[in-house]
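What follows is one structure encoded as structure tokens, with my remarks underneath.
The values are calculated or read from the model by the stated rules, or taken from the named source; none is laboratory data. Because the structure is predicted, anything quoted here is derived from the model rather than measured. FYI the Cβ positions are ideal-geometry reconstructions off the backbone, even for glycines, and counts take in every protein chain you see.
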């Protein structure tokens, strides 16, 4: 554990999992094996002389024991520059998107199925438009979509460029 990079705590998880796995393969119940693995790894860390940092010291947003916040210059979600008065996110929409991505809801299959059904229903309600290149009817996925597919858009652009030059 002394050779683990960047700190001995980097080896804590893999060591604990390895000891727990070995104990489970010997027939130990998972909970008991996990408790024993935690004690073994904790003892190894104490022997090495490591001192676990406080929760506050482990937070990347804070320095000097929580007194001075790290100043962000870009939004944590979309990376756009932050305006005055905004500290981590450029808007409430970016804050919600960041929270949604990090709270695990995107892993929930039922939630994803509901979102897909809602998206399909919204697409069904959209009116049918005529492609400006070939005239085929299509339901627009976007508000200002003019072509039924990418190839029609490219062909229309070639025709436009040829007529301009």
Among (1) at pLDDT below 80; (2) assigned to a helix (DSSP H, G or I) - the single one residue 24 does not satisfy = (1)
Criterion violated by residue 96 - all others in (1) more than 29 Å from residue 75 (Cβ to Cβ); (2) under 27 Å from the mean Cα position of the chain (by Cα) satisfied | (1)
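Taking residue 121, is it part of a helix (DSSP H, G or I) and touching a residue at least 12 places away in the same chain (Cβ under 8 Å)? Please lay out each step first, then the result.
On the way: part of a helix (DSSP H, G or I): yes; touching a residue at least 12 places away in the same chain (Cβ under 8 Å): no.
Judged against the criteria, residue 121 is not a match.
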Return only the number of the condition from (1) more than 30 Å from residue 71 (Cβ to Cβ); (2) in a loop (DSSP other than H, G, I, E, B) that residue 84 does not satisfy.
-> (1)
Being part of a helix (DSSP H, G or I), surrounded by 11 or more Cβ atoms within 10 Å (Cβ to Cβ) and modelled with pLDDT of 75 or more narrows it down to one of 43, 36, so name that one.
-> 36
Scanning the stretch 57-78 residue by residue, those under 24 Å from residue 100 (Cα atoms), surrounded by fewer than 10 Cβ atoms within 10 Å (Cβ to Cβ) and either touching a helix residue (DSSP H, G or I) at 6+ places or on another chain (Cβ under 9 Å) or modelled with pLDDT of 80 or more (or both) turn out to be 73
Residues in the stretch 147-158: is at least one surrounded by fewer than 12 Cβ atoms within 10 Å (Cβ to Cβ), out of contact with any strand residue (DSSP E or B) (no Cβ under 6 Å at 6 or more places or on another chain), without any contact (Cβ under 8 Å) to a residue 60 or more places away in the chain and under 30 Å from residue 77 (Cα atoms)?
-> yes
Regarding residue 116, is this residue closer than 30 Å to residue 76 by Cβ, loosely packed, with under 11 Cβ neighbours inside 10 Å and not assigned by TED's automatic domain parsing to the domain that holds residue 77?
-> yes
Can you find a residue in the stretch 89-98 that is exposed (fewer than 10 other Cβ atoms within 10 Å of the Cβ) and either part of a loop (DSSP other than H, G, I, E, B) or in contact (Cβ under 8 Å) with a residue 12 or more places away in the chain (or both)?
-> no
